[in-house]
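Questions regarding the structure given below will be posed in turn.
Quick note: the coordinates plus some simple rules give every number you see, no bench work behind them. Small disclaimer: the values here were computed from a predicted structure and weren't measured. Don't worry about glycine lacking a Cβ; one is built from the backbone with ideal geometry, like all the others, and counts go over all protein chains shown.
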Amino acid sequence: MNHKLNYKSPTEVPKELRRRLFRLSALFELADEQFSELRDARARIASEYAEDVRGGQLNIPLDEASITAYLHDGGRQDIIARLVTQSGGQIVVPEEKRLVRDRRDLLRLLNTVGLSTIAQLDKYLSAEIFPVSIAGAPVFKGDGAGVEDALTLLIMADKQVGKDIYGKVYSGDWAEFAAKTEAWHSRKQRRRGAS
């Protein structure tokens, strides 16, 4: 900061600026401490969520840390990967920037459809998504998707979201998504008919 102001030492700073400069320096130091504490708290919360999910305690709020724990520590990523590959797609590991966006899109969608806890999400997925076999259906044919992105697409198809909601996440062809939605519901109807 002193360098930006072209001062090499505090004694070179004009007296009327020195006090303000020291206060500002103290604020930067405080901010740095607070950011470190927040980072540590975030890691602690993520660890607690992972432990809760592994122990079957799912009554936790939906957020970035809890959805990560649910998908990755709860084994749900394997189920989603199986759905994708059975449909002719492949699971890819997205770059960090893309992964952050995919999680944000998934969380926004879950909020839109009225799910606010991991328990609610698990109940919904267990009843409506995971039991459906899409082997041979064109839901993911030829697509590469991360786990979060694939789950977003599956929920959108299952909930038959409109073009407005779809367009907030994807820039792809609406007609193609509508065909995937139809294929999904066709498979879902067959499962219900077999039950």
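How many percent of the alpha carbon pairs in the chain exceed a separation of 25 Å? Please list the in-between numbers first.
On the way: 9166 of 18915 pairs.
Across the chain, Cα pairs with separations above 25 Å total 48 percent.
Given R₀ = 41 Å, what would the calculated FRET efficiency be for Glu37 paired with Glu128, taking r from the Cβ atoms and rounding to 0.05?
Numbers: r = 40 Å, r/R0 = 0.98.
Using R0 = 41 Å, I get an efficiency of 0.55.
Here's something else I'd like to know. Residue by residue through the range 43-53, what is 3J(HN,Hα) from phi via Karplus (6.51 cos²θ - 1.76 cosθ + 1.60, θ = phi - 60°)? Round to whole Hz and write x for glycine and proline.
Taking θ as phi minus 60°, the curve returns 5, 5, 5, 4, 5, 5, 4, 4, 5, 4, 4 Hz for the range 43-53.
Rounded to the nearest 500, what is the chain's calculated 222 nm mean residue ellipticity when only DSSP H runs of at least 4 contribute -39500 (n - 2.57) each, over all residues? Working shown, then result.
On the way: 8 runs with 121 residues, N = 195.
-20500 deg cm²/dmol, from helical runs alone.
Okay, next question. Taking amide hydrogens as modeled 1.01 Å from N in the peptide plane, which residues meet the under 5 Å criterion relative to Ile60, leaving out close sequence neighbours?
Counting only residues 5 or more places away or on other chains, the set is Ile118, Ala119.
Tell me which residues come under 5 Å, amide H to amide H, from Gly144 once H is placed; ignore anything under 5 positions away on its chain.
Gln90
Under a crude label model (7 Å from the Cα following the beta-carbon direction), how far is Leu24 from Arg54 in nanometres?
4.7
Angle, helix 147-159 long axis vs. longest principal axis of the chain, Cα atoms, 0 to 90°, nearest 10?
Tilt relative to the chain: about 50 degrees.
Please determine, in degrees from 0 to 90 and to the nearest 10, the orientation of helix 174-194 with respect to the longest principal axis defined by the Cα atoms of the chain, where the helix direction is its Cα long axis.
Once rounded, the angle reads 50 degrees.
Quick one: 3J(HN,Hα) in Hz for the range 95-112, Karplus 6.51/-1.76/1.60 with θ = phi - 60°, rounded, Gly and Pro as x.
5, 3, 4, 5, 4, 4, 5, 4, 5, 4, 4, 4, 5, 5, 5, 4, 5, 4
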